[in-house]
1. Please go through segment 197-255 and give me each residue that is among the acidic types (Asp, Glu), touching a Lys or Arg at 6+ places or on another chain (Cβ under 9 Å) and either over 23 Å from THR280 (Cα atoms) or loosely packed, with under 13 Cβ neighbours inside 10 Å (or both), ordered by number.
2. Only one of ASN298, ASN332 is closer than 19 Å to VAL199 by Cα, modelled with pLDDT of 95 or more and buried (at least 19 other Cβ atoms within 10 Å of the Cβ); which?
3. So which of ALA363, ALA342, ALA368 is touching a residue at least 40 places away in the same chain (Cβ under 8 Å), of a type in the set (Gly, Ala, Ser) and part of a helix (DSSP H, G or I)?
4. Within segment 189-212, which residues are without any contact (Cβ under 8 Å) to a residue 40 or more places away in the chain, of a type outside the set (D, E, K, R) and within 25 Å of VAL337 (Cβ to Cβ)?
5. Could you list, in sequence order, all residues of segment 256-273 that are part of a helix (DSSP H, G or I) and surrounded by fewer than 20 Cβ atoms within 10 Å (Cβ to Cβ)?
6. Out of all the residues in segment 189-220, which are part of a loop (DSSP other than H, G, I, E, B), small (Gly, Ala, Ser) and within 17 Å of the chain's Cα centre (by Cα)?
7. Specify the residue that is least open to solvent (accessible area, probe 1.4 Å); the eligible residues are those in segment 335-375 that are at pLDDT below 95 and in contact with a His (Cβ under 8 Å, 6 or more places away or on another chain).
8. Which members of segment 301-323 meet the condition of being open to solvent by 40 Å² or more (accessible area, probe 1.4 Å) and touching a residue at least 40 places away in the same chain (Cβ under 8 Å)?
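The values are calculated or read from the model by the stated rules, or taken from the named source; none is laboratory data. Source: prediction; values computed, not measured. Don't worry about glycine lacking a Cβ; one is built from the backbone with ideal geometry, like all the others, and counts go over all protein chains shown. Areas reflect the complete protein model, heavy atoms only, side chains present, ligands, DNA and RNA absent. Shrake-Rupley method; radii C 1.70, N 1.55, O 1.52, S 1.80 Å.
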Amino acid sequence: MNMSPMEPPAQEGPGSTPPSRRARRGFSRRVFVGGAAASAAAAAGVSLVGGLAPSAAAVPTMRRPKGFGSVATAPHLPAGFTKTFKSRFVQAGGLRQHVVIGGDGPPLLLVHGWPQNWYAWRMLMPELARNYTVIAVDQRGIGLTEKPRRGYDTSTLANDLVALMDALGHERFAVAGHDTGLIISYALAADHPQRVARVALLEVPGPPTLKASPPLFIDEDHNNRLWHIPFNRVNHELTEKLVRGREEIFFGYEFDIQGGQKLPDYAREYYFRLFSDPETLRGGFGLYRAWDTTTAQNAKRTENKLTMPVLAIGGAESWGDKVGGAMKPLANDVQGVVIPGAGHWVAEQAPKELLSELTRFLAPYRTAAASRPIR
């Protein structure tokens with residue numbers, strides 16, 4: 001196992017002032033609201049059009065302390081979180097991956113969605129750690145994991161996770177994946193069925209395929225929720241130029257349009273800061289820019305159904321039972337669940353309900369693990 005501790009970050013932990021209360025370098029959307037800010041902008045030679053600077057170059061990125069994205073810099077963690085969980089770097093498969101690990105029991109791999117990182121699972125992790133060794137990973141290109149220019153098709157992303165679990169000494173494990181994490185986790189289960197004991201897939205109506213793709217012109221409600229996919233796919237710096245310096249606007253819209261209760265300000269600010277890093281912004285678009293390759297891979301994967309049990313979870317105010325409906329043709333054993341009151345961000349909007357469903361679904365895996373050694 002090749003695993004090294006996280007380098008000590010700047011002194012900023014759960015008890016410190018949350019990011020939303022700290023001063024940021026340069027101009028933000030909020031700063032432009034007041035007259036004093038307009039004067040400051042004019043003095044700096046920044047032209048304001050509709051409250052926005054004309055180019056991303058005129059808007060410096062948000063300030064991030066050293067090691068931002070680690071456990072030590074995460075705001076509002078559950079009580080006792082840092083006693084159980086630590087950030088680690090693992091060199092695996094030629095990629096330096098950041099993981100947050102804690103707990104005891106059979107391994108459970110948590111794969112986050114976009115635009116998030118391991119932090120999306122924080123509310124569930126302490127309880128899961130009572131019965132499982134919880135491994136919450138930052139995907140390639142996101143958070144503190146390395147951000148190469150290539151390798152964002154789901155075959156490569158799945159191989160990243162296999163290499164990670166190899167390095168950690170886990171031969172067989174359970175997986176839960178949300179959003180883009182669902183797409184990656186499906187590929188992981190399909191490409192490496194001997195490694196995945198059970199897989200929970202959250203809040204995407206199935207992995208992308210050409211056959212299942214929506215038409216270009218769809219109703220307004222779906223367009224508002226899906227437009228980011230073709231936008232993110234544009235394989236050009238245009239997307240970065242349009243978003244850089246305007247993370248609160250772009251990502252804030254994504255968090256709001258996907259249904260359910262609004263995420264707390266501290267969490268939104270955390271994700272805005274995370275993706276204000278230019279390399280993370282580019283890395284976050286990586287999976288979308290490899291869409292053609294992934295859909296071709298999925299066409300092959302659909303030739304064989306998943307053989308392990310699958311839990312397909314949708315939020316009632318988002319994709320609902322469409323997640324289960326999409327997975328039933330792709331797996332032999334699918335249990336569909338709809339979480340009442342939740343939108344797309346299930347792990348943060350309905351953590352207790354999601355924890356209950358995961359606990360029930362994973363119980364046979366835990367029981368089986370107790371009767372035989374699991375690596």
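1. GLU237
2. The match here is ASN298.
3. One residue alone meets the criteria, ALA368.
4. Result: HIS192, single match.
5. ASP256, ILE257, ASP265, TYR266, ARG268
6. Here is the first cut: in segment 189-220, the residues part of a loop (DSSP other than H, G, I, E, B) are 192-195, 203-219.
Next cut, small (Gly, Ala, Ser) only: 206, 212-213.
Residue satisfying the conditions is GLY206 alone.
7. Going through the qualifying residues, I end up with ILE374.
8. Residues of segment 301-323 open to solvent by 40 Å² or more (accessible area, probe 1.4 Å): 302-305, 307, 316-317, 321-322.
THR302, ASN304, THR307, GLU317, LYS322 - these are the residues of segment 301-323 that are open to solvent by 40 Å² or more (accessible area, probe 1.4 Å) and touching a residue at least 40 places away in the same chain (Cβ under 8 Å).
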